[in-house]
Amino acid sequence: MDSCRQTFGSNKYDLNRLSEFTLFGSDDEYDYAFTPCAIVKPDACHGHTVSNEMSCQYDRSFHMWSTMSFIDSKSPWPPNANASYTENPDGPGTGILMTTTNGDPCFGVTRYMRITFICDKTIEQPANMTVVEWIRCDFHVEVRAAQACPIQ
C-alpha cells in the first residue's frame with residue numbers, strides 16, 4: 001500500500017514490511033486480527049472473508065464478524081477515506097501512527113482505528129497487538145515491532 005511509506009523529517013518508515021504478519025489481539029468480548037498494509041488472511045478471521053479487508057473484529061458472544069478497516073480506497077462505505085499518518089508523539093524515530101476511518105458501520109458511525117506502531121528492535125516477528133475500545137466503535141491499537149523503526 002503506497003500510503004504505508006511515510007517520511008517525517010529525516011525518518012523514513014515503510015509499514016509494508018509488516019504486511020507479511022497477521023497480528024492478533026483480544027479483550028473481554030472480541031477477538032481481533034490485523035494485517036498492516038495488506039489484506040488480512042481468511043484463516044485469521046475464522047473463515048470470514050471480505051474483499052480488501054485489512055482488519056477484522058469477532059464478537060465471541062454473537063459469533064459475528066465486522067470489518068475494522070479496509071485497504072485504502074477499497075471500503076464499500078462512504079466516505080471511503082484512506083489511512084492517515086503522523087509520527088509517534090513520543091519523539092522522532094520512535095514509530096508511526098496510522099489512523100483508519102473506513103471500517104464497517106458501527107451504531108451509526110464508521111469504525112475508527114488509531115494504530116500506534118512502536119519501534120521495538122527486539123520484536124522481529126510480531127504476532128500480537130493490544131486493542132482497547134476507548135468509546136463505542138473507537139479502537140486504539142498498539143503494535144511493537146522492529147519493522148516500525150525508521151528505515152536505515
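Remarks
- If you check Arg60, Arg114 for being basic (Lys, Arg), more than 22 Å from Asn16 (Cβ to Cβ) and modelled with pLDDT of 90 or more, only one passes: Arg60.
- Conditions (1) within 20 Å of Asp138 (Cα to Cα); (2) β-branched (Val, Ile, Thr); (3) more than 15 Å from the chain's Cα centre (by Cα): number failed by Thr67: (3)
- Flag for Thr99 being of a type in the set (Val, Ile, Thr), in a strand (DSSP E or B), touching a Gly at 6+ places or on another chain (Cβ under 9 Å) and closer than 19 Å to Cys137 by Cα: no
- Restricting region 46-76 to residues that are in contact with a strand residue (DSSP E or B) (Cβ under 6 Å, 6 or more places away or on another chain) and assigned to a loop (DSSP other than H, G, I, E, B), the residue that is surrounded by the most Cβ atoms within 10 Å (Cβ to Cβ) is Ile71.
- Close pairs from region 66-90: first closer than 19 Å to Glu53 by Cβ and without any contact (Cβ under 8 Å) to a residue 60 or more places away in the chain, partner crowded, with 16+ Cβ neighbours inside 10 Å and acidic (Asp, Glu), Cβ under 7 Å, at least 6 apart: Ser66/Asp104; Thr67/Glu53; Thr67/Asp104; Phe70/Glu53; Trp77/Asp104
- When region 1-56 is filtered for residues that are closer than 24 Å to Pro92 by Cβ, over 10 Å from the mean Cα position of the chain (by Cα) and hydrophobic (A, V, I, L, M, F, W, C), the ones remaining, listed by number, are Met1, Cys4, Phe8, Leu15, Leu18.
- Of all residues in region 97-152, exactly one satisfies the criterion of being β-branched (Val, Ile, Thr), in contact with an Asp or Glu (Cβ under 7 Å, 6 or more places away or on another chain), open to solvent by less than 70 Å² (accessible area, probe 1.4 Å) and over 18 Å from Met68 (Cβ atoms), namely Ile118.
- Tally, over region 19-34, of residues that are outside any strand (DSSP E or B), more than 12 Å from Met54 (Cα to Cα) and in contact (Cβ under 8 Å) with a residue 60 or more places away in the chain: 1
- Selection within region 1-17 - hydroxyl-bearing (Ser, Thr, Tyr) and part of a loop (DSSP other than H, G, I, E, B): Ser10
The values are calculated or read from the model by the stated rules, or taken from the named source; none is laboratory data. No experiment lies behind these values; they were computed from the predicted model shown. Glycine also receives a Cβ, built like all others from the backbone with ideal geometry; neighbour counts cover every protein chain displayed. These area figures cover heavy atoms from the full protein model, side chains too; ligands, DNA and RNA do not enter into them. Shrake-Rupley method; radii C 1.70, N 1.55, O 1.52, S 1.80 Å.
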